[in-house]
Every structure is written in C-alpha cells, then in structure tokens.
Amino acid sequence: MRIDEYRYRCGECEEEHVGLPELGFRLPDVCAEIPEDERGERVRSGSDFCVLDDEHHFVRAVMPIPLLDDEGGKVDDEYCWGVWTSLSETNYDRYRELFDEDPPDGEGPYFGWLSNRVPGYPFDDSLALNVHLRSEGQRPRLELQPSSHPLAMHQRYGMKLSELLEHLGPFLHQ
C-alpha cells in the first residue's frame with residue numbers, strides 16, 4: 001500500500017482521511033522547552049527561521065524516509081518529517097539571502113544537527129546531517145550522515161509502511 005492510499009478516521013474531526021498527515025514541529029526542541037514567559041525575549045521565530053539568544057540558528061526542513069513494500073523492496077514513495085536543523089550563522093545568513101530564489105549551482109550542502117526528537121526514535125542530540133537546498137519555495141531536504149541510529153538507518157535503507165504507522169499511530173487518532 002502507498003501513502004496516498006492509506007485511510008484512517010481522525011479522532012478530532014471524525015472524518016475519514018486519505019493519505020498520512022504531514023507532521024512537523026513548530027520550533028526546534030531547545031526553543032520549545034523554554035518557558036513561554038521567557039520565549040518572547042529569547043526566541044525569534046517564524047515558519048521557516050528561528051534564532052535563539054541571537055547565537056543559535058535554525059531552519060525548517062524536510063527529512064525524507066523512503067518506504068518499502070511488505071517484502072522489503074523499495075517503492076517510489078517516501079514520508080517526510082517536518083523538522084528543524086541547526087546551521088552556522090554564516091550558512092543561516094546565506095540561506096536567508098537565497099530563500100526567495102533558486103540556489104546557485106554548487107551551493108551547499110550545509111552542515112547541521114537535527115534539532116527535534118522524532119517520535120518513535122531514541123533521542124540523540126548528535127545526529128549530524130547535510131542540508132540540501134532546493135528550488136524556490138521548497139524547504140531544504142535533510143540527509144542524515146551515516147550512523148547506526150535507527151532514524152539514520154531508516155533514511156538510508158527505508159522502512160515499511162507498517163513500521164511508519166507505528167511511529168505515527170499516536171497522531172492518527174484511529
């Protein structure tokens with residue numbers, strides 16, 4: 001079964017939906033954990049950019065996970081988590097400069113650190129990644145650097161839809 005064929009009944013609206021919800025994080029975890037009464041002073045954020053204490057820089061991106069069929073063969077489908085990644089100040093400034101246009105040939109990838117705890121995976125604050133810029137209007141794609149972390153393994157080798165549904169289960173309200 002492909003993502004666009006999956007059906008579930010939402011516990012919020014009681015309607016049946018086709019496809020899987022795209023899940024994303026509103027803020028990098030380090031910013032979301034700041035008490036709300038302090039957040040206004042320390043965090044500047046929008047839908048695609050976030051700066052903490054004028055020294056930690058983050059951008060919103062997508063992290064694709066290729067999907068496998070029931071036999072473990074790759075299918076032409078992927079699920080993308082909406083996550084945040086850190087960037088150096090230099091790369092953050094450059095990305096902002098290029099945000100409304102296509103990046104020039106040879107731009108990137110940039111280095112970053114995954115900045116959200118992805119549901120169903122053990123937390124590891126040292127998941128290094130490459131940030132690949134895309135054409136105008138598209139968020140960058142993240143490529144985790146090789147490691148034995150289950151999320152990096154799933155991104156590199158894929159995962160079955162049934163495994164993905166275990167991770168998404170709490171959000172589907174079946």
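The values are calculated or read from the model by the stated rules, or taken from the named source; none is laboratory data. Since we're looking at a predicted model, the values are computed, not measured. Note that we place each Cβ from the backbone using ideal geometry, even for glycine, and neighbour counts take in every protein chain shown. Only protein heavy atoms, including side chains, enter the accessible area calculation; ligands, DNA and RNA are left aside. Shrake-Rupley method; radii C 1.70, N 1.55, O 1.52, S 1.80 Å.
Results, tabulated for the structure shown:
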read-out	value
Neighbour-limited loop hits for GluC sites (Glu not before Pro), the range 35-122 (at most 14 other Cβ within 10 Å; DSSP other than H, G, I, E, B)	Glu55, Glu71, Glu101, Glu107
Accessible carbon and sulfur surface of the range 38-174 relative to its total accessible area, %, 1.4 Å	45 percent
Most mobile listed residue (Leu129, Leu27, Leu98) in the chain, GNM with C-alpha springs under 10 Å	Leu98
Computed FRET value (nearest 0.05) for Arg42 with Ser126, which takes r as the C-beta separation and R₀ as 22 Å	0.40
Environment charge of Met63, counting only residues whose C-beta is closer than 9 Å and scoring Lys/Arg +1, Asp/Glu -1	0
Per-residue HN-Hα couplings for the range 51-56 [Karplus 6.51, -1.76, 1.60; θ = phi - 60°; Hz; x = Gly/Pro]	10, 10, 6, 6, 9, 10
For the range 56-111 versus the range 18-51, the gap between their alpha-carbon centres in whole angstrom	17 Å
Per residue, in Å², the accessible surface of the range 88-147 once ligands and nucleic acids are set aside, probe 1.4 Å	58 Å²
Whether the range 9-135 is rounded, prolate or oblate, judged on the alpha carbon gyration tensor where a/c under 1.5 counts as rounded	oblate
Segment Ser148-Arg134, extension gain: residue separation times 0.36 nm, minus the distance between their alpha carbons	2.3 nm
Contour excess over end-to-end distance, with Cα ends at Glu15 and Glu163 and 0.36 nm allotted per residue	50.9 nm
Residues in the range 29-63 reached by a label modelled at Arg117 [backbone nitrogen below 13 Å; 7 Å Cα→Cβ]	29-34
Theoretical gain in end-to-end length, Asp53 to Thr90 [0.36 nm per residue, Cα-Cα removed]	11.7 nm
